[in-house]
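Derivation of every value follows stated rules applied to the coordinates shown; laboratory data play no part. From a predicted model like this one, the values you see are computed outputs, not experimental measurements. Cβ sites come from the backbone with ideal geometry, for glycine too, and all protein chains shown count toward neighbours.
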Number of protein chains: 2
Amino acid sequence: MSALDEPAAPPGRYRKGVAKREAILEAALPVFGKVGFHGASLREIARSCGVSHQSLMHYFPTKDELLMAVLRRRDERLRQHFDDEGGMRLAELVALAEYNVDVPAVISLFITASAEATSSDHPAHDYYADHYDRIIASTSAYLAVAEARGWLRDGFTAESAARVVLAVQDGLQLQWLYRRDEVQVAELLRLVIGAVVTVPTEQLDAAVREQVAAAR
Amino acid sequence: MSALDEPAAPPGRYRKGVAKREAILEAALPVFGKVGFHGASLREIARSCGVSHQSLMHYFPTKDELLMAVLRRRDERLRQHFDDEGGMRLAELVALAEYNVDVPAVISLFITASAEATSSDHPAHDYYADHYDRIIASTSAYLAVAEARGWLRDGFTAESAARVVLAVQDGLQLQWLYRRDEVQVAELLRLVIGAVVTVPTEQLDAAVREQVAAAR
DNA sequence: GTCTATAGTTAGATAGAC
DNA sequence: GTCTATCTAACTATAGAC
């Protein structure tokens, strides 16, 4: 199967099945996050939500599909903003970082999966390659307005600024997983944005809105 | 075994044994990097360097110890600078990033292992937690001079600047693994440093040297 | 080479929800 | 009555360790 396709119409047509499918996804998230794709076992995931191993396989025929389903559901929040007019606002990344702090398992999953999936054999490789491309493209589109107006610090382009901000988010979340009390992800993310973009974000937001309106 | 201890006196006392140990370490690096600790198998590593499975286990009694040996050898370059007088210069991080581009397997190993090891059960957890602490401490010591002289951009402390630079390095290396042609790790790292530290690095280096000399 | 444990996956039969 | 959900059982491969 291509990693970019939606899964084939799964079981879960009965009320009970829908709930169980949900429970499996919730249970799989922290396991994949903790030990990664290769380290996770379907039997362990099944056990952790009180479902039989075979029942799990009824809903997710292969381990690959289970992982993809978990990832897709968790990246949903970010993906919603990929097609925002004028590109994805940096504030969305900050807001996500702020939200994620309350859901350590999600951060763990994201960091572990994106690192594992750099290998081209990994079931989520194509998914993540595409995911990163889209984040960069969307954020670059947003920052293009800043670049055009000379609001980026010397040397930065819209794309390099986008890559840096995304890198800081990922890197800080990694550090946060080691020292949760000492790393303020969202706060540092804001500081970096302030160091790269030379005007307040409100001003940039306004300029982007203006640009979008003018383009109609 | 504590992850921070040196391994107990290993085999490899004979000339042939030394070479074989070396070959195993070289072979294990890309495998751990590609599929992670859990995904890697000792048999595969042994096969990839023409050594029998049993022979491998003679040199590295457990999988944990093999991983630790690989990590320790590869982080050596960075660890050398932890105790630099005046703290580790940011230029060392940039130089390392520049060097690593020629050794993708090392980047892959580092990213994958540091992500996997966020789990407290992971054999390299304590090692990496300590490793990050030291990098931050050492780089913060270096940047303390900049902070004292008002050479950091508003809002940054020595530690937050250190965390940001390290985060950018990790995050960009992750992006680089997905798009090797499009991400210039060292170049972007320099840009970020330029955005956070308001004076040229030569000036900061000189100030740090001066500080060290004065402290004697 | 062997041992024991566990992995992902498959098949088939039964019981339950619609 | 039909489709879904669940369970029992087994298979094949491979893991780390001795």
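Which of the following residues is assigned to a helix (DSSP H, G or I), more than 27 Å from residue B:180 (Cα to Cα) and within 13 Å of chain B (Cβ to nearest Cβ): A:113, A:105, A:69?
A:105
Between B:190, B:209, which is in a helix (DSSP H, G or I), away from chain A (no Cβ under 14 Å) and in contact (Cβ under 8 Å) with a residue 60 or more places away in the chain?
B:209
Output yes when any residue across the stretch A:38-56 is within 14 Å of another protein chain (Cβ to nearest Cβ), part of a helix (DSSP H, G or I) and touching a residue at least 60 places away in the same chain (Cβ under 8 Å), and no when none is.
Taking every residue of the stretch A:38-56 in turn, at least one turns out to be within 14 Å of another protein chain (Cβ to nearest Cβ), part of a helix (DSSP H, G or I) and touching a residue at least 60 places away in the same chain (Cβ under 8 Å).
Of (1) acidic (Asp, Glu); (2) assigned to a helix (DSSP H, G or I); (3) more than 17 Å from the chain's Cα centre (by Cα); (4) away from DNA strand C (no atom under 16 Å from the Cβ), residue A:85 satisfies all except one. Which?
Status for residue A:85: all satisfied but (2).
When you scan the stretch B:139-187, how many residues do you find that are among the small types (Gly, Ala, Ser), within 26 Å of residue B:215 (Cα to Cα) and not in a loop (DSSP other than H, G, I, E, B)?
Of the residues in the stretch B:139-187, 9 are among the small types (Gly, Ala, Ser), within 26 Å of residue B:215 (Cα to Cα) and not in a loop (DSSP other than H, G, I, E, B).
Take the stretch A:145-183 and flag every residue that is surrounded by fewer than 17 Cβ atoms within 10 Å (Cβ to Cβ) and more than 7 Å from chain B (Cβ to nearest Cβ).
A:148, A:149, A:150, A:154, A:157, A:179, A:180, A:181, A:182
Identify the single condition in (1) within 12 Å of chain A (Cβ to nearest Cβ); (2) of a type in the set (Gly, Ala, Ser); (3) out of contact with any Gly (no Cβ under 7 Å at 6 or more places or on another chain) that residue B:91 does not satisfy, given that it satisfies every other one.
(1)
Within the stretch A:95-116, identify whether any single residue is over 24 Å from residue A:175 (Cβ atoms) and surrounded by fewer than 16 Cβ atoms within 10 Å (Cβ to Cβ), and answer yes or no.
no
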